[in-house]
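The values are calculated or read from the model by the stated rules, or taken from the named source; none is laboratory data. What you are looking at is a predicted structure, and each value in this text was computed from that prediction instead of being measured. Here the Cβ positions follow ideal geometry from the backbone for every residue, glycine too, while neighbour counts run over all protein chains shown. Accessible surface areas use protein heavy atoms only, side chains included; no ligands, DNA or RNA. Shrake-Rupley method; radii C 1.70, N 1.55, O 1.52, S 1.80 Å.
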Amino acid sequence: MTTTRFAPSPTGYLHVGNLRTALMNYLIARKAGGTFILRIDDTDPERSKEEYVDAIKQDLEWLGLHWDKVERQSTRLDRYATAADTMRANGRFYEAFETPVELDLKRKKQLNMGKPPVYDRAALALSEAERDALRAERGQGVWRFKLDQSRIEWTDGILGDISIDAASVSDPVLIRQDGQVLYTIASVVDDMEMGVTDVVRGSDHVTNTATQIQIIEALGGTAPRFAHHSLLTGPQGEALSKRLGTLALRDLRARGVEPMALLSLMARLGSSDPVELRTDMADLVDGFDIARFGSAPTKFDEADLFPLTGRYLQSLPVAAVQAKIDALGVPANWAEPFWLVMRDNIETLHDLDAWWALCRDGAEPVIDDEDEAFVAEALTMLPQAPFSADTWGTWTAAVKEATGRKGRGLFMPLRKALTGQAHGPDMAALMPLLQVIKAR
Ligand code: GLU
């Protein structure tokens, strides 16, 4: 039984980088007919905020990434305490008292000597009396996991065979001085107890994975399958980390990006499969294969989301956008013709605002100097609204006859006069939608 989880910390809004992780875990679970858990990693009471928990759920619901259950780490602290006791009992857990400043000094010394800045395990050499003295002087220490200094190996679902020398990694702190349990152990306990079989996360977690594999073993469990996806960069390969804040899912939503456009892009970006618009989640699930993703950083360009959104909208019948059409105030009998004409001329539903304003209010005519007389003459020949599907053809034929103009020289000035712009829907289809024409 496949079980995956998406485990955000509720310390901010989800962005496209988080989405990649969520989506991969979701697709793996759905493809296998398994379980997708939303796990809220809220062991940090200061940074975790309820409003972000709500926002995470809203964003996932908006995207249609429905979870089968929600777990919260803050309700499972007793489980983590039990795991800590187990590791104390089997000699894999030790208390250390160095202050951050002392640790920093140690690291600097090691680096100066050309050594890797790995924690020197000085605390392991303390006698019981020394420990008591330090505790009396400094209060509780931190609790570190004693790594077995061998090579840690796994076959990663994306990165392939990985081998990390545990001696090159510091014994991880799993419990802070203030008693707060850290993600590294909480996650392991949860993955074991919740039967998680597949963990997909960013490649910034590779070292965590190495230590977590040993922690799982120390707790008597078996490691899940791990896969680490590459991190996103900007279109030029530039780091995206600082800009991720501006790529929050809710901001993309506000800008009119459609869920299926976003999902279609994110489910393929960085894989050897081409990005193709999928209008149905089942198609995304069917076509997903984690093995097709590469380890190279993945370029993400938010601009790609807009043409995809446009293409998605083109596939929709009016019923799918009824709420938007109603909000614009389009009369019921106009809704369908308006949508069928406009859906080919928008990238997002927001673009409908301007098109509806044009239909309802007309546009400020744009007339080039050399076309003044021509347009004035043509407008005298324009029949009274309402217009029909034939109006444009009949009118322009008559204008051509009267003025001798043809082709672009005939059509473009008339388009610009009636719509105030050089681009837009097919004029024959648009004419019946124009309710008001400010005749000049
Ligand atoms: N809360 C962790 C994070 O957001 C989860 C990492 C994991 O998937 O294990 O980075």
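If you go through region 81-100 one residue at a time, do you hit one that is within 16 Å of the ligand (Cβ to nearest atom) and either modelled with pLDDT under 95 or of a type outside the set (Val, Ile, Thr) (or both)?
yes
Quick grid of which residues meet (1) of a type in the set (Gly, Ala, Ser); (2) within 13 Å of the ligand (Cβ to nearest atom); (3) surrounded by 17 or more Cβ atoms within 10 Å (Cβ to Cβ):
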{"site": "Thr2", "(1), (2), (3)": "no, no, yes"}
{"site": "Leu27", "(1), (2), (3)": "no, no, yes"}
{"site": "Ile40", "(1), (2), (3)": "no, yes, yes"}
{"site": "Thr43", "(1), (2), (3)": "no, yes, yes"}
{"site": "Glu61", "(1), (2), (3)": "no, no, no"}
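Would region 180-187 turn up any residue that is open to solvent by 40 Å² or more (accessible area, probe 1.4 Å), within 9 Å of the ligand (Cβ to nearest atom), touching a residue at least 60 places away in the same chain (Cβ under 8 Å) and not in a loop (DSSP other than H, G, I, E, B)? The answer is yes; a qualifying residue exists. Of the residues Gly237, Gly287, the single one that is modelled with pLDDT under 95 and on the phi > 0 side of the Ramachandran plot is Gly237.
Considering region 191-206 alone, what residues qualify as being among the charged types (D, E, K, R) and out of contact with any helix residue (DSSP H, G or I) (no Cβ under 7 Å at 6 or more places or on another chain)? Within region 191-206, Asp191, Asp204 meet the criteria. Looking across region 382-440, the residues that are at pLDDT 95 or above, among the small types (Gly, Ala, Ser) and part of a loop (DSSP other than H, G, I, E, B) come down to Gly404, Gly420, Ala422, Gly424.
Residue count for region 206-243 satisfying the condition of being in contact with a strand residue (DSSP E or B) (Cβ under 8 Å, 6 or more places away or on another chain), part of a loop (DSSP other than H, G, I, E, B), closer than 26 Å to Trp154 by Cα and touching a residue at least 60 places away in the same chain (Cβ under 8 Å): 3. When the residues of region 4-25 are filtered to those that are β-branched (Val, Ile, Thr) and open to solvent by less than 30 Å² (accessible area, probe 1.4 Å), the one that is nearest to the ligand (Cβ to nearest atom) is Thr21. Scanning region 144-171 for residues that are in contact with a Lys or Arg (Cβ under 9 Å, 6 or more places away or on another chain), part of a strand (DSSP E or B) and either touching a residue at least 40 places away in the same chain (Cβ under 8 Å) or open to solvent by 60 Å² or more (accessible area, probe 1.4 Å) (or both) yields a total of 6.
If you go through region 271-293 one residue at a time, how many are touching a residue at least 60 places away in the same chain (Cβ under 8 Å) and open to solvent by less than 30 Å² (accessible area, probe 1.4 Å)?
Selection size over region 271-293: 4.
Of everything in region 188-217 that is of a type in the set (D, E, K, R) and open to solvent by 40 Å² or more (accessible area, probe 1.4 Å), the residue that is nearest to the ligand (Cβ to nearest atom) is Asp204.
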